[in-house]
Every structure is written in structure tokens, then in C-alpha cells.
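What follows is one structure encoded as C-alpha cells, with my remarks underneath.
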Ligand code: NAP
């Protein structure tokens, strides 16, 4: 399908069938939509290219039952428009996918973003034309655009990972990855269903489908520290409070390490009495969301004794909820530190294992060997007959989405090859030899929109700076890039996020280099560093 978009308000122009723009933004999710809006406000011609047939990114693709925020809804929305903040009413404290998708559609309509977006457009290649100093952008369906700048707003968790099990093609039942849950849903009623994986996605999904299926088999390789979400509706009084306190709420988020609204207790878990410590553990456990994690004693979030003390508290909470002690022990995490992965939040997850129609299979003990026409076979030879298999097997994070695009810079250098041993960027945003390309997806973690909004503002301001200062190109210097890569290496060693085998360090993907994929710095430090770059005349970047 080749679509001419010349009649739209995208402000680009066409040369020989190739549309010309100042900026191409790849992706119409949370960061892509805001990038588009901001660039247009700054007077640029912009084309957004989106693989899906609607906006929303993560909240477009992840339609699996139970998908919802783990951050408080009112801390997740955009903050750039007071009108938007005041008119949108989040229904639940932790809002579900359908509402989140509705919200992002509302944003697209309110700011009239659709005319600039070409849907059903998966970008296949980005090739830098050195003579024209433009990026040549080609989509799977042959559409072509050229742009001075490109922003990859393609998300950090969008390249779904399906393990290459032998026999997948021979399996006669139906299967899907949670990231591609069909719009019309999966037919699970009365079926024997298998779920592979027990990460944040699986623990949201499993309690939602368990009553519907005839039998559920969960294939678990690693037990996680899952904590109760305790979601609820937002009542009128709370809604009014939120609306009249948005400025403080956003300010509060921006002041914390991961841009969540929760602030660590500055006391050590080891410095208070046993009684006081347990009182705090229990009090926070009864609270919703990440409070039990991010409002707790600060040293729980550091490798060491306090971390292990709290880990044991959480393990005991799991043991209390699962009737069969053998099953409970399988569900208790023992091979990684509490908080070294993003905490899966659940609603009734552990109780699922008290049902007669649910079986937990430990695939660390006995790994999945292959799929057969009938189901899943383990290395021991045991076979599980299944009508449906759900892959909740996660993502090739951060570099994965970039690797799905052939990105070729100066001198024919290919980004995928350059990033083979981990991302080589300056601050996650720019890589030497790839001028005017902002890999914005590689620069943000935590409460995603809170970190992404200032990042989009920085990048779009930098693009405006190039234009307004009469320059043509901006790119990281090799020295700044080298120093950043070294900083990533040095400062990642002792943080909790690098201690477990997870997507944070690429350890979930066989053969992927084990390095921290996003900055080891806190969100306020990253913002300060970026501000300093600007204050020092875009230090670390060369403009020509
Ligand atoms: P994940 O945390 O990477 O979990 C993937 C699961 O699949 C793990 O249990 C993994 O086991 C298992 N797995 C992978 N390959 C396997 C194999 N060959 N055999 C058996 N098991 C295998 O992925 P996710 O659950 O999709 O979550 C990813 C991230 O998305 C989260 O960390 C979070 O940041 C985000 N997320 C957020 C929310 C939210 O609440 N807003 C919801 C869902 C996801 P191992 O652990 O042994 O590798």
C-alpha cells in the first residue's frame, strides 16, 4: 500500500515521490506523540511513521487482559498542557490498557496530531545521505521520506522476544506473544492454556484469564518478587484533590530518582529497632503500588544486608498466600536481589496457585526442549498438551527496537554493528557517525512519561538550536561518546539494576552482550547533565 500524504497538513514537500521533511519521528506512542506536537509548535515540518494502525505505542500493542500501569495514573499523563491535565479524568489509580489507549487517542485528537502520522508504516531502513546531508527513510511498504533529523521514539520494550523453540511451526494450537494480543481477543474459554514466563506481564495476565480457561499451566523459569498492586477507583474527592495539586504532584515526581511520586525514607533499615522496621514494612505493604518499594528505607534499594532483610519479608508474604508449601517454595525468588528487576505488581496472582485447575511447572529444573504439534515438551520428555500457548517472554530491550531497522550512518557504518557489544552513545541520545539522529528510546527509565517529557523537550530544543544558530548538523563527539560509555560501565557495577539477569542488562536474550542498556544515573541527574550540556554551548556535541 502506497499512500500519498501530500494533501495533509504535514507541511512536507515531495521530490520524485519522496516526501521531504525537517524531521521524521518514528513511533506514535508516548514519546513520539509529544515529539511530534512539540516539533510542530517549533515550526518544523514533521512526518510521524507508526507501525500500528492507531496511536499509543505500548498502550496500542499490549492488549492482553490485565495490562495496566504500575505507576499512579495521574503521574503518568502528559504534564505539558494544563488544559489536558484538567479535562482528563483517570478512573482508576492504576489505569488499564483500554483507558490508556483512549487517553493517547484523546491527546492525538486534542492536538490534531493525526494528519502528520502515517499509520501501518514500519520503518525498515534509515540511511544517511552524506551529499544531501539528509536521512533517507524507507518503510516496509516502500514509502520513502527524507529528513534532516530523525527521532527514534520506538520505545525501550517494543521488540518482543519469542524464544526460538524447536518445533514452533509444528504446533497445531494457537499462540501469541502478549505484545501482539489480537484486537478481537484470544479465544480462551474452555481451553487448555499454557503461559510461558512469570514477569510483570504474566503476573498481570494470569489472574485475569484463570477463571475463563479450562486449565492453566504456567511455565516458570525464574520466580519474581511480585507485590500487591491494590488498585481502586479514584473517588470524586481524590479526583478534585489531584486536579488542584497537579503542579505539586509533577514537581514531586521530578524530584525523585525514578520520577515516581514516592520518596525514600532517609533512614537505614538497619538503624531502627526491629519493631519499628517491621511496623514500616507492614504499613507500606498495605499501601498501593510501588510505595512498599520506593518509600521504604533507602538501603533496601542497595545491594546488601537491608536488601536481603526486606527480600525475606517479601518471600514470607508469598509463602503465606500459597497453600501447598512445595508450590510456594517454587514461587519464592532466591536467585536475585529484591528490586534488581522492575517489581511486578499483581492482583490475586499467588492465590491462582491454590486452584485445582492451575499447574506450575518449573522450567529451570526441567527446561522447555521443544514445541510439539500438541503442546510443550520439556527436556525430561514430559509433554503438556495445550490448545493455546501465550508467550509472556518479554523483550529485546532498548537496542532491540533499533536493531529491527537498518540504520546506516556516515561511511556506511551500521548502528546494529556499532551497538553489538552494547549501546555506544552520548547520554543515550546521539551516536558519533549518525548525525541528527536522536535515539530517544535509549535514554529513559523509571516512570516513563515523567522522564520522557523533559527528554523530548531537550531533543526538540536541540533541533531548534541547530536551525536557529544556522548550523546543519549535530552529533556526539567521539570523545564525549567514549567518556559516556566508560561512565555507563563504571557506574553500573554497584547498582541494583545490574545485579539480576534481566532486560535491564540484556541478559534475557541469548547471545546479547551483558551491559546496562540505560543510564545508571537518576532522572534528576540526567536532567542536570543535559542542562549543563546546553549551558556549555552543547558541550560534547559538534555542530557544523
Ligand atoms: P520479562 O520481565 O523479561 O519476563 C519474561 C519472562 O519470560 C520471564 O519470566 C522469563 O524467564 C521468561 N522466559 C523468557 N524466555 C524463556 C524461555 N526460553 N523459557 C522459559 N521462560 C522464558 O518480560 P515482561 O514480563 O514482558 O516485562 C518486561 C518489562 O515490561 C517489565 O520489567 C516492566 O518494565 C514492563 N512491564 C510493565 C508493566 C506495568 O505494570 N506497567 C507490565 C508489564 C511489563 P527468566 O526470568 O528466567 O528470564
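The values are calculated or read from the model by the stated rules, or taken from the named source; none is laboratory data. Model, not experiment: these values are computed from the prediction. Neighbour counts are summed over all protein chains in view; Cβ atoms, including those assigned to glycine, are modelled from backbone coordinates with ideal geometry.
Out of everything in segment 108-146 that is assigned to a loop (DSSP other than H, G, I, E, B) and over 27 Å from the mean Cα position of the chain (by Cα), what residue ends up being farthest from residue 472 (Cα to Cα)?
Residue satisfying both the conditions and the ranking: 142.
So that you can scan it fast, the table gives a plain yes or no per residue for (1) in contact with a helix residue (DSSP H, G or I) (Cβ under 8 Å, 6 or more places away or on another chain); (2) at pLDDT 95 or above:
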site: 443; (1), (2): yes, no
site: 446; (1), (2): yes, no
site: 464; (1), (2): no, yes
site: 470; (1), (2): no, yes
site: 474; (1), (2): yes, yes
site: 492; (1), (2): yes, no
site: 540; (1), (2): yes, yes
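Just the residues that are within 15 Å of the ligand (Cβ to nearest atom), in contact with a helix residue (DSSP H, G or I) (Cβ under 9 Å, 6 or more places away or on another chain) and part of a strand (DSSP E or B), please, taken from segment 147-180.
Result: 160, 175.
Taking segment 19-34, which residues are closer than 20 Å to residue 127 by Cα and either at pLDDT below 95 or in a loop (DSSP other than H, G, I, E, B) (or both)?
27
With the requirement that a residue be at negative phi, more than 14 Å from the ligand (Cβ to nearest atom) and not in a strand (DSSP E or B), what does segment 341-361 give you?
If the condition is that a residue be at negative phi, more than 14 Å from the ligand (Cβ to nearest atom) and not in a strand (DSSP E or B), then 350, 351, 352, 353, 354, 355, 356, 357 are the ones that fit.
For the subset of segment 128-142 comprising residues that are touching a strand residue (DSSP E or B) at 6+ places or on another chain (Cβ under 7 Å) and under 18 Å from residue 50 (Cα atoms), which member is nearest to the ligand (Cβ to nearest atom)?
Checked segment 128-142; the qualifying residue nearest to the ligand (Cβ to nearest atom) is 140.
Would you mind listing the helices (runs of 4 or more DSSP H) fully within segment 54-98 where at least 1 residues are touching a helix residue (DSSP H, G or I) at 6+ places or on another chain (Cβ under 7 Å) and within 13 Å of the ligand (Cβ to nearest atom)?
Hits in segment 54-98: 58-61, 73-76.
Out of 511, 506, report the one residue that is exposed (fewer than 13 other Cβ atoms within 10 Å of the Cβ), within 24 Å of residue 417 (Cβ to Cβ) and within 16 Å of the ligand (Cβ to nearest atom).
Among 511, 506, only 511 is exposed (fewer than 13 other Cβ atoms within 10 Å of the Cβ), within 24 Å of residue 417 (Cβ to Cβ) and within 16 Å of the ligand (Cβ to nearest atom).
(1) within 16 Å of the ligand (Cβ to nearest atom); (2) over 23 Å from residue 200 (Cα atoms); (3) crowded, with 19+ Cβ neighbours inside 10 Å: which one isn't true of residue 369, the others all being true?
The one condition residue 369 does not meet is (3).
I want to confirm something. Restricting to segment 197-233 and keeping residues that are part of a helix (DSSP H, G or I) and in contact with a strand residue (DSSP E or B) (Cβ under 9 Å, 6 or more places away or on another chain), which single residue is nearest to the ligand (Cβ to nearest atom)?
Residue satisfying both the conditions and the ranking: 200.
Tally time: how many residues in segment 390-418 are within 16 Å of the ligand (Cβ to nearest atom) and without any contact (Cβ under 8 Å) to a residue 12 or more places away in the chain?
Counting residues in segment 390-418 that are within 16 Å of the ligand (Cβ to nearest atom) and without any contact (Cβ under 8 Å) to a residue 12 or more places away in the chain gives 0.
Mind telling me which of the residues 184, 164, 172 ends up being over 22 Å from residue 222 (Cβ atoms) and free of Cβ contacts under 8 Å to residues at least 60 places away in the same chain?
Step by step, each of 184, 164, 172 is checked, and only 184 is over 22 Å from residue 222 (Cβ atoms) and free of Cβ contacts under 8 Å to residues at least 60 places away in the same chain.
Right, residue 202: buried (at least 21 other Cβ atoms within 10 Å of the Cβ), out of contact with any helix residue (DSSP H, G or I) (no Cβ under 7 Å at 6 or more places or on another chain) and at pLDDT 95 or above or not?
So residue 202 passes the test.
Within segment 362-408, can you find the residues that are touching a strand residue (DSSP E or B) at 6+ places or on another chain (Cβ under 7 Å), under 19 Å from residue 153 (Cβ atoms) and part of a loop (DSSP other than H, G, I, E, B)?
405
Being touching a residue at least 40 places away in the same chain (Cβ under 8 Å), surrounded by fewer than 16 Cβ atoms within 10 Å (Cβ to Cβ), within 22 Å of residue 70 (Cα to Cα) and out of contact with any strand residue (DSSP E or B) (no Cβ under 8 Å at 6 or more places or on another chain) narrows it down to one residue among 259, 255; which is it?
255
Working only within segment 470-503, note down all residues that are within 16 Å of the ligand (Cβ to nearest atom) and outside any loop (DSSP other than H, G, I, E, B).
Matches in segment 470-503: 496, 497, 498, 503.
Can you name the condition, by its number, that residue 242 falls short on among (1) touching a strand residue (DSSP E or B) at 6+ places or on another chain (Cβ under 8 Å); (2) under 30 Å from residue 527 (Cα atoms)?
Of the numbered conditions (1) touching a strand residue (DSSP E or B) at 6+ places or on another chain (Cβ under 8 Å); (2) under 30 Å from residue 527 (Cα atoms), the odd one out for residue 242 is (1).
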